[in-house]
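The values are calculated or read from the model by the stated rules, or taken from the named source; none is laboratory data. Remember, it's a predicted structure, so these values are computed and weren't measured experimentally. Note that we place each Cβ from the backbone using ideal geometry, even for glycine, and neighbour counts take in every protein chain shown.
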Amino acid sequence: MVDLTTRIGPLRFKNPITVASGTFGVKDEYADYVDYRKLGAVIAKTITLHPRKGNPMPRICETPAGMLNAIGLQNKGLRDFVEDKIPYFRKRKIPLIVNIAGESTKEFGILAKELDRYKKSIAALELNLSCPNIEAGGVRAIREGRLITKTIEAVRKETQLFIFAKLSPELGDVLETAKEAIRAGADGLSLINTIRGMAIHIESRKPRLAVGTGGLSGPAIRPIALRYVYEIKQALPRVSVIASGGITTWQDAVEFLIAGADLLAIGTANFVNPRATLDILEGLKEYCLKHHIKRIGEIRGSLVTHRRS
Ligand SMILES: Cc1cc2nc3c(=O)[nH]c(=O)nc-3n(C[C@H](O)[C@H](O)[C@H](O)COP(=O)(O)O)c2cc1C
């Protein structure tokens, strides 16, 4: 038996496997494939204060070793989430991490305040500070307005929930942004969101995405995500990190654990294999058994560096 229990501050997860926001439906879409109770947690698709239609189609396309998406945070808004989604997860005792995005700092604060009323049913908040596909509240607005501190402070003021700040290289230097996020009151980090990219249809000469560019995800960004998780954990060893970025197999999951990740969010892989989360969980257990690892913590942050001569 391997003990996969993962503790993050006051939080306790039965294993480190979770799903990346926006890649696992919004409620029970994957329930035919995955018993959600086997996951460490579910991270919900970003919710905004008001419903959003998202961007015009086409808004996804395949790329070598990944995909581009420009969904634009389509969701039914806060009210639907508290009336329909929270009860679903609460009834089944599935740890729920709620991902939020505001169109302004003020909206982030309102979302945090409203959700704080349901804190018994929520494990943590994840702040989407790095969406590449929207204008107000998107990654560019946050970078150019230098809004990281203000946004996190607005949320911190309204909630006692554990806060993960979700970052990407699009915000600027990731280590500096991470330090700023922690100083402003975030408890943990989520690394990394998608990185902006583009694809062109050569017959029509139109961009493959209606809005021109979108966020690149999948194995194509895995080495970048791995590097950031490693470097941030080296610099901020006490800060917990949810890793996302192309985690597709159990071997990828082990790599991220060795780099120091606390939770592993499976994203684009769910579209290829809807059972990816459970396959990764099984592979992880077998790896631990084979290597006589009794507790998952024994692998975490265990990178062996090459000796220099
Ligand atoms: C179709 C799609 C929708 C996404 N929607 C969201 C979202 O609503 N909020 C968010 O924080 N991240 C969103 N993401 C980013 C993922 O949560 C994840 O951070 C990113 O895709 C990297 O992980 P992956 O390579 O395993 O997919 C989305 C990604 C994809 C592919």
inquiry  = Quick check on segment 269-276. Is at least one of its residues among the aromatic types (Phe, Trp, Tyr), at pLDDT 95 or above, within 11 Å of the ligand (Cβ to nearest atom) and assigned to a helix (DSSP H, G or I)?
reply    = yes
query = What's the number of the condition Thr268 fails, among (1) within 14 Å of the chain's Cα centre (by Cα); (2) at positive phi?
reply = (2)
query = What do you reckon, is Ala124 buried (at least 24 other Cβ atoms within 10 Å of the Cβ) and touching a residue at least 12 places away in the same chain (Cβ under 8 Å)?
reply = yes
task = Only one of these is touching a residue at least 40 places away in the same chain (Cβ under 8 Å), of a type in the set (S, T, N, Q) and closer than 17 Å to Val239 by Cα: Ser168, Ser190. Name it.
result = Ser190
ask   = Is segment 66-78 home to any residue that is farther than 17 Å from Leu216 by Cα, among the polar types (S, T, N, Q) and in contact with a strand residue (DSSP E or B) (Cβ under 7 Å, 6 or more places away or on another chain)?
value = yes
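Looking at Gly246, Gly283, Gly218, Gly267, which is the one that is over 22 Å from Thr305 (Cα atoms) and surrounded by fewer than 22 Cβ atoms within 10 Å (Cβ to Cβ)?
Details: Gly246 fails: surrounded by fewer than 22 Cβ atoms within 10 Å (Cβ to Cβ); Gly218 fails: surrounded by fewer than 22 Cβ atoms within 10 Å (Cβ to Cβ); Gly267 fails: surrounded by fewer than 22 Cβ atoms within 10 Å (Cβ to Cβ).
The unique qualifying residue is Gly283.
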inquiry  = Among the residues that make up segment 298-307, is at least one of them free of Cβ contacts under 8 Å to residues at least 12 places away in the same chain and among the charged types (D, E, K, R)?
reply    = yes
ask   = Which one is farthest from Pro10 (Cα to Cα) among residues in segment 180-196 that are within 15 Å of the chain's Cα centre (by Cα) and in a loop (DSSP other than H, G, I, E, B)?
value = Thr194
ask   = Restricting attention to segment 119-137, which residues are out of contact with any strand residue (DSSP E or B) (no Cβ under 9 Å at 6 or more places or on another chain) and of a type outside the set (A, V, I, L, M)?
value = Lys119, Lys120, Glu135
task = Scan segment 286-309 residue by residue and report those that are surrounded by fewer than 11 Cβ atoms within 10 Å (Cβ to Cβ) and of a type in the set (D, E, K, R).
result = Lys290, Arg307, Arg308
ask   = If you go through segment 191-205 one residue at a time, do you hit one that is away from the ligand (no atom under 16 Å from the Cβ) and either within 19 Å of Arg300 (Cα to Cα) or touching an Asp or Glu at 6+ places or on another chain (Cβ under 7 Å) (or both)?
value = no
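Just to check your reading of the model, which residue among Thr177, Thr159 is touching a Leu at 6+ places or on another chain (Cβ under 7 Å), outside any strand (DSSP E or B) and either among the acidic types (Asp, Glu) or away from the ligand (no atom under 16 Å from the Cβ) (or both)? Steps first, please.
Numbers: Thr177 fails: either among the acidic types (Asp, Glu) or away from the ligand (no atom under 16 Å from the Cβ) (or both).
Of the residues listed, the single one that is touching a Leu at 6+ places or on another chain (Cβ under 7 Å), outside any strand (DSSP E or B) and either among the acidic types (Asp, Glu) or away from the ligand (no atom under 16 Å from the Cβ) (or both) is Thr159.
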request  = Please tell me if Gly54 is within 13 Å of the ligand (Cβ to nearest atom), in contact with a Gly (Cβ under 6 Å, 6 or more places away or on another chain), closer than 22 Å to Asn133 by Cα and in contact (Cβ under 8 Å) with a residue 60 or more places away in the chain.
outcome  = no
ask   = Among the residues of segment 67-82, is there at least one that is over 29 Å from Lys14 (Cβ atoms), at pLDDT 95 or above, within 11 Å of the ligand (Cβ to nearest atom) and of a type in the set (Val, Ile, Thr)?
value = yes
request  = Please enumerate the residues belonging to segment 225-258 that are away from the ligand (no atom under 14 Å from the Cβ) and hydroxyl-bearing (Ser, Thr, Tyr).
outcome  = Tyr230, Ser240
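Mind listing whichever residues of segment 1-31 are of a type in the set (D, E, K, R), touching a residue at least 40 places away in the same chain (Cβ under 8 Å) and exposed (fewer than 15 other Cβ atoms within 10 Å of the Cβ)?
Passing the criteria: Asp3, Asp28.
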